[in-house]
Amino acid sequence: MALPVEHEALTKAFSGFGVNEKLFISELGRWHSEQRKVFRKRSEQFFIEDERGFERWDHHHVALLEREFLRFKTTLVLWTMHPWERDAGLANEALINGPQSYGVLIEIACTRSSEELLGARRAYHSLFDLSIEEDVASQVDGPERKLLVALVSAYRYEGPSVKEEVAKAEAKILYNAIKNGVSKKPSEDDEVVRILSTRSKLHLKTLFHYYKEISGHNIVVDFDVDMYLKQTVECMYAPQTYFSQVLDAALRDDADEAAKRALIRVIVTRAEVDMKEIKEVYCKLYGVSLSETIEAKAHGNFKDFLLALVEKGQSD
Amino acid sequence: MATIVAPLQHSPVEDAEVIRKACEGWGTNEKALISVLAHRYPHQRLEIRKAYQDRYHEDLIRCLESELRGDFERALYRWILDPADRDAVLANVALKNGKVDYRVIIEVSCTRTPEEFLAVKRAYMARYKHSLEEDVACHTTGDLRKLLVALVGVYRYDGDEINAKLAASEAEILHHAIKENEFNHEEIVRIVSTRSKTQLLATINRYKDTHDISITKTLAGNRENVLVDSLRAAIRCLTDKGKYFEKVLRNALNKSGTDEDDLTRVIVTRAEKDLRQIKDLYYKRNSVPVEQAVAKETHGHYEEFLLALLGN
């Protein structure tokens, strides 16, 4: 009776991603009642000894198990969804979850193209009978409201024209805003918000280049003082690095549910965009391939599906 | 409803020839230009431009620019442009002429439908290699900037859903901010610049029901204050644009010295939309038809052109 293996498989289901369906079918499905009873008696964290003489499933762990079974379905539904609906849904979810999830708003607003973001805004109208800017403006309370509303409202120019002198001058403005960061929070500085939320991405790339000349550092390093600004700049300056970091946080052993959901979000939304580049950066940063990490931390159909999406970039 | 009178069928090639002939030789046959161009819908004008380009290897607009001077030229030039392109040009002119004409920015962003305004923003990017938001943001400062950038950035929900409770609570927020003279209050900008037009109208109505005075009247006292004036204009454009445009026309024709820019802009931009309603409102308010006022205050080909657009 190979009990420890199944016990380990079930335990693993609560510490990683997804469930090992094949193992459950091949092993648990063949147990008779005596084997199952032994299993219940030995799995103290899953089953509680009830006062009336039977071993009872701990509800909390049933809920966790349910969540792990659902990961595959969630991924599937998100993957088949139209990107507009997907982004609108993710944005709304982030708003509802509160400040710890506002990063998702920044992610969507800054890493999508102008037309993709516009599409998401259209879908938001259909799904929620509200514009995303209305919702963000009325739900976000703190000083980050200004930045978030501006970012989700952006419809940036995407052509090749850039005015070098303007980029240079605005790099100086950002540099000064950081220097004076003690007296005035940079994320509340109107000029900082204006520049980051209205300028084209090409203009900003040029600006970041001049910034480095002025400050000696990458803007991402200097903007470390403000979480939302930092993320904004990361998403614009080096999105693949940003995504790699999100993936790494999701795959750590101590990742919370919010970080874990990011795994699905990033892989599904980037699979056909820049997954190849993200994989390269991930490998450079962490010394191991993304696929290997997923293989180690995820189980079953969920794992296979994620790997299929991640590897999609390879053959394209 | 539109006021322009245009035939259902036309020959773009023939029209192009008439225009070419009108511009040839010494002087210009403005009457001929008006007889064609003032009586064509946007898609027809586009076809004429294309036919002209194909036949004479020149952009119709360039040809006209070199021939005409003054108010008539400006009006005709604006008229020929595709509506989204026209609005983009109007917005750009409003920003780049030293002192920002914020009313034009508010008009363009608030009286067009969300989809029309989106087309304007695309046309703006194509023409000026910058987004409208960028340009508005870097040509304005302070509280006015906050309002204008928000107004041009928004992509409003355009459905009919109304949240009555929200209308009530936001009417109170507006009332409170105005009472405290906090016109730059973030909540005012938020409500006016993000809510759908239907929702905003419900809010304005609720305000009037509760406080027995319309919000625009409450804001009327502070005309010199640019921010208050802008808020008022924005609210009027969003919730009752017919009356707003009637007022612009009235002021343009009443002021000692007609304001041709305003006059041209309203007539040219509304002729294909709701100029008929605006005319009715003008008559109701001033007891004379607007054509009469236009005939009195303008002259020459400029007058003829405006009257043609007004439906004569």
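Nothing in this text is a laboratory measurement; each read-out follows from the coordinates by a stated rule. These numbers come from a predicted model, not from an experiment. Neighbour counts are summed over all protein chains in view; Cβ atoms, including those assigned to glycine, are modelled from backbone coordinates with ideal geometry.
Numbers at a glance
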{"quantity": "Segment B:164-239, relative contact order [Cα under 8 Å, separation at least 6], %", "calculated": "33"}
{"quantity": "Global geometry of segment A:74-188, whether rounded, prolate or oblate, following the gyration tensor of its Cα atoms and the 1.5 cut on a/c", "calculated": "oblate"}
{"quantity": "Cα gyration tensor shape for segment A:210-261, rounded if a/c is under 1.5, else prolate or oblate", "calculated": "prolate"}
{"quantity": "Trypsin sites (Lys or Arg not before Pro) within segment A:186-276: DSSP coil, no more than 15 neighbouring Cβ in 10 Å", "calculated": "A:Arg252"}
{"quantity": "Positive-end extreme of charge dipole, segment A:83-237 - chosen from A:Tyr228, A:Gly103, A:Val166 (charges on Cβ)", "calculated": "A:Val166"}
{"quantity": "Modelled label reach - B:Arg285, point 7 Å along Cα→Cβ, segment B:219-255 residues with backbone N closer than 13 Å", "calculated": "B:233, B:236-237, B:240-255"}
{"quantity": "Contact order normalised by residue count of chain A, Cα under 8 Å, 6+ apart, percent", "calculated": "18"}
{"quantity": "Computed E for A:Asn218/B:Glu161 - FRET, C-beta separation, R0 45 angstrom, nearest 0.05", "calculated": "0.50"}
{"quantity": "Fluctuation leader among A:Asp135, A:Asp87, A:Asp50 - chain A, Gaussian network, Cα springs under 10 angstrom", "calculated": "A:Asp50"}
{"quantity": "Free-standing Cys, chain B [no other Cys Cβ under 4.7 Å]", "calculated": "B:Cys23, B:Cys63, B:Cys138"}
{"quantity": "Net dipole in debye of segment B:116-243 [+1 Lys, Arg Cβ; -1 Asp, Glu Cβ; about Cα centre; nearest 20]", "calculated": "400"}
{"quantity": "Farthest positive-ward along the protein assembly as shown dipole, Cα basis, beta-carbon charges - from B:Asn312, B:Val100, A:Ala154", "calculated": "B:Asn312"}
{"quantity": "At R0 = 60 Å, FRET efficiency that the Cβ-Cβ distance of A:Lys205 and A:Gln35 yields, to 0.05", "calculated": "0.45"}
{"quantity": "Partnerless cysteines, meaning none of the other Cys C-beta atoms lie under 4.7 Å away, in chain A", "calculated": "A:Cys283"}
{"quantity": "FRET efficiency for A:Leu285 and B:Asn312, using Cβ-Cβ distance with R0 set to 51 Å, rounded to 0.05", "calculated": "0.10"}
{"quantity": "Between segment A:104-138 and segment B:83-114, the alpha-carbon center distance in angstrom", "calculated": "24"}
{"quantity": "Over chain A: helical MRE at 222 nm, DSSP H runs n ≥ 4 each giving -39500 (n - 2.57), nearest 500", "calculated": "-22000 deg cm²/dmol"}
{"quantity": "Two-site label geometry, A:Glu257 and A:Glu115: point separation in nm, points 7 Å out along Cα→Cβ", "calculated": "3.8"}
{"quantity": "Exercise: per-residue mean of other protein chain Cβ atoms within 10 Å, A:126-135", "calculated": "6"}
{"quantity": "Dipole magnitude of the protein assembly as shown about its Cα centre (Cβ charges: Lys, Arg +1; Asp, Glu -1), debye to nearest 20", "calculated": "680"}
{"quantity": "Segment A:241-284-segment B:193-223 distance, computed between alpha-carbon centres (Å)", "calculated": "47"}
{"quantity": "Relative contact order (%) - criterion: Cα under 8 Å, at least six apart; region: segment B:83-153", "calculated": "34"}
{"quantity": "Highest-fluctuation residue, A:Val38, A:Val225, A:Val192 considered, GNM on chain A with Cα pairs under 10 Å", "calculated": "A:Val38"}
{"quantity": "Pairwise label distance in nanometres, B:Leu46 with B:Arg127, each label 7 Å out on the Cα-Cβ vector", "calculated": "1.6"}
{"quantity": "Sequence-distant aspartates and glutamates (8 or more away, or on other chains) whose Cα lies within less than 15 Å of B:Lys50", "calculated": "B:Glu14, B:Asp15, B:Glu17, B:Glu58, B:Asp59, B:Asp82"}
{"quantity": "Added length on full extension, which subtracts the Cα-Cα distance from 0.36 nm per residue, B:Lys208 to B:Glu58", "calculated": "48.5 nm"}
